[in-house]
Amino acid sequence: MADIVVDTKGLACPMPIVRAKKALDTLKPGQTMEVLSTDKGSLQDFPAWVKQTGNELLAHEVENGVYKFLVKKR
């Protein structure tokens, strides 16, 4: 279970990343965040953003049109 869940369903790029960044800033290193998105661009955007920020993408999956990303703050 993630320490925080960020629901960005229905939002278009770049808002899922903007909301995720704000939430990630509140976490301590080692904590996790789950991001929920319906934006198809998230499939490319989130892995690239996580890598660029030096954090870790633990998992991602698609369930009923919702993209789920589990990110660990470093």
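The values are calculated or read from the model by the stated rules, or taken from the named source; none is laboratory data. Only a predicted model underlies this, so the values are computations on that prediction, with no experimental measurement involved. Backbone-built Cβ (ideal geometry, glycine too); neighbour counts: all protein chains shown. Calculation scope for accessible area: heavy atoms of the full protein, side chains included, ligands and nucleic acids excluded. Shrake-Rupley method; radii C 1.70, N 1.55, O 1.52, S 1.80 Å.
Listing for the model above:
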| read-out | value |
| --- | --- |
| Answer residue from the stretch 55-73, given it is in contact (Cβ under 8 Å) with a residue 24 or more places away in the chain and aliphatic (A, V, I, L, M) and is least open to solvent (accessible area, probe 1.4 Å) among those | Val71 |
| Tally, over the stretch 1-42, of residues that are in a loop (DSSP other than H, G, I, E, B), in contact with a strand residue (DSSP E or B) (Cβ under 6 Å, 6 or more places away or on another chain) and of a type in the set (Asp, Glu) | 1 |
| Pairs with Cβ under 7 Å, 6+ apart, first in the stretch 22-42 and farther than 14 Å from Leu57 by Cα, second open to solvent by 20 Å² or more (accessible area, probe 1.4 Å) and of a type in the set (A, V, I, L, M, F, W, C) | Ala23/Ile4; Leu27/Ile4; Thr38/Val66; Asp39/Leu11; Asp39/Ala12; Asp39/Cys13; Gly41/Cys13 |
| Checking Val18 against (1) under 11 Å from the mean Cα position of the chain (by Cα); (2) touching a residue at least 12 places away in the same chain (Cβ under 8 Å), the condition it does not meet | (2) |
| Matching entry among Asp25, Asp45, Asp7, Asp3 (being charged (D, E, K, R) and surrounded by 19 or more Cβ atoms within 10 Å (Cβ to Cβ)) | Asp45 |
| Within the stretch 10-55, tally of residues that are in contact with a Cys (Cβ under 7 Å, 6 or more places away or on another chain) and closer than 9 Å to Lys73 by Cα | 0 |
| Test: residue in the stretch 43-63 that is modelled with pLDDT of 95 or more, of a type in the set (Gly, Ala, Ser) and assigned to a helix (DSSP H, G or I) | yes |
| Selection from the stretch 19-48 of residues that are closer than 20 Å to Lys9 by Cβ and touching a Lys or Arg at 6+ places or on another chain (Cβ under 8 Å) | Leu24, Thr32, Met33, Glu34, Val35, Leu36, Ser37, Thr38 |
